[in-house]
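Structure first, then comments.
What follows is calculated from the coordinates using simple rules that are stated; it is not laboratory data. All figures in this text were calculated on a predicted structure; none of them were measured in a lab. Here the Cβ positions follow ideal geometry from the backbone for every residue, glycine too, while neighbour counts run over all protein chains shown.
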Ligand SMILES: *Cc1c(COP(=O)(O)O)cnc(C)c1O
């Protein structure tokens, strides 16, 4: 086994006590809803669903999301690293599980012993995995990864015959099974981009080569965006990640059937009134135009609230039923909300300030943050960390919060 990992930096899960000052609430019913929708779409084209729970389920808690996904239509799980895979196994989850980004000197014996399927991108990696399989005394289940044009992980076409040949030899020797052939798209979030079909054609050719060697692998290509827009590219398995978490990879129409699973909120730590003309936060970038009531929220950039989010003064939070602007710079530990003239908003210490969530009632969303920052919501939800406590709403019956 790998040595026990240090606890990952990031939201911890600790029930009980007063409501936390800063909390990422993960609604596992939203995950179930999204996975049911996505796996239903996949099933209509005869494809199975691999829920991607890498990066601690995009910051949502890998074990909890994996359970919820498997309860609601997912057949398999996907992660990036062996550590992530073994953590899923350590949580008692024995579903088919693929890990895909490795160094050749990693502990493949433990992974094979734990029944983790391995993405293979080179002969060097394959040799290391086969050594692990020998040490584990059982065959490695391999998903040969073709680089069909992303030029990132995966085996380029010129090296594919050699990789497939060595995998076939290992199968003959009893050290391997060729379980899958797969690839990953460069521009799935731009439907109509010609690279999508070009990559699919190269994957078909790579799979045909493997079938010619007598194997019958699972073929897979589609991430969330391709799952949602290209049913003709579902092949045997789809690999949704971001959509599992309720975030639409392309656009989030008001009537999106996906439900964002993570709500980030803090509790108001201090309420005060300042005079007209007083500056707020470092650099006094905002000056009170009139006498003003301010609410202090104890989250900052150390917790994953980007400092530049309020550069243009467009960050908003929901307090009660009202959406209020953040004023002045976001600091390491805190930011300030303008609650208007004294008496305008009924706000008290301990109240909840919602930073992002489902967007109901026009409240801010992770997408809004991403748009403001010129990035994608993937980066927002995976970036929540520091002192934010993660709370699981609607966990699995019989499951735990770990
Ligand atoms: C992260 C990842 C996915 C999931 O992608 P989404 O865009 O989040 O759906 C699928 N496949 C691979 C190889 C990935 O790395």
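Helix 28-44 and the longest principal axis of the Cα set of the chain meet at an angle near 40°. Of 223, 34, 153, the residue with the greatest mean-square motion in the GNM of the chain, using alpha carbon springs below 10 Å, is 153. Taken over the C-alpha atoms, the chain has Rg and Dmax values of 23.7, 80 angstrom. Pairing the Cα long axis of helix 194-212 with the longest principal axis of the chain, what angle in degrees results, from 0 to 90 and rounded to the nearest 10? On a 0 to 90 degree scale, this one is about 30. Taking 7 Å steps out from each Cα toward its Cβ at residue 150 and residue 346 produces label points 5.1 nm apart.
Over the range 244-384, what relative contact order in percent results from Cα pairs under 8 Å that are six or more residues apart? So the answer I get is 26 percent. In angstrom, the C-alpha Rg and Dmax of the range 158-266 are 17.5, 58.
Once you wrap a convex hull around the alpha carbon atoms of the range 226-292, what is its projected area averaged over all directions, in nm²?
One quarter of the hull surface, i.e. the mean projection, equals 8.3 nm².
Taking the range 177-198 and a reference point 7 angstrom along Cα→Cβ of residue 44, the backbone N atoms nearer than 19 Å belong to 191-192. Taking every C-alpha pair closer than 8 Å and separated by at least 6 residues, the mean separation divided by the residue count of the chain gives a relative contact order of 20 percent.
So what's the range 39-89 giving for Rg/Rh, alpha carbon basis, Kirkwood Rh from the mean inverse pair distance? It would help to have the intermediate numbers written out before the result.
Numbers: Rg = 11.1 Å, Rh = 11.1 Å.
Value, to two decimals: 1.00.
Dividing the summed -39500 (n - 2.57) terms of all DSSP H runs of n ≥ 4 by the residue count of the chain sets its mean residue ellipticity at 222 nm at -8500 deg cm²/dmol. With all pairs of different C-alpha atoms in the average, the Kirkwood value for the hydrodynamic radius of the range 176-333 is 19.9 Å. Rg/Rh for the range 278-374 (Cα atoms only, Rh after Kirkwood) is 0.93.
Between residue 195 and residue 71, the contour length at 0.36 nm per residue exceeds the alpha carbon distance by 41.2 nm.
Placing dummy labels 7 Å off each Cα toward the beta-carbon, the span from residue 276 to residue 256 is 4.2 nm. Working from Cα positions, state the angle (0 to 90°, nearest 10) between the long axis of helix 123-136 and the longest principal axis of the chain. So the inclination is approximately 80 degrees.
A full extension of the chain between residue 232 and residue 135 corresponds to an added length of 30.9 nm, given 0.36 nm per residue minus the alpha carbon distance.
Using only alpha carbons, the range 50-123 has a radius of gyration to Kirkwood radius ratio (Rg to Rh) of 0.96.
Our summary of shape: the Cα atoms of the range 332-402 have principal axis extents of 48, 32, 28 Å, ordered from largest down, in whole angstrom.
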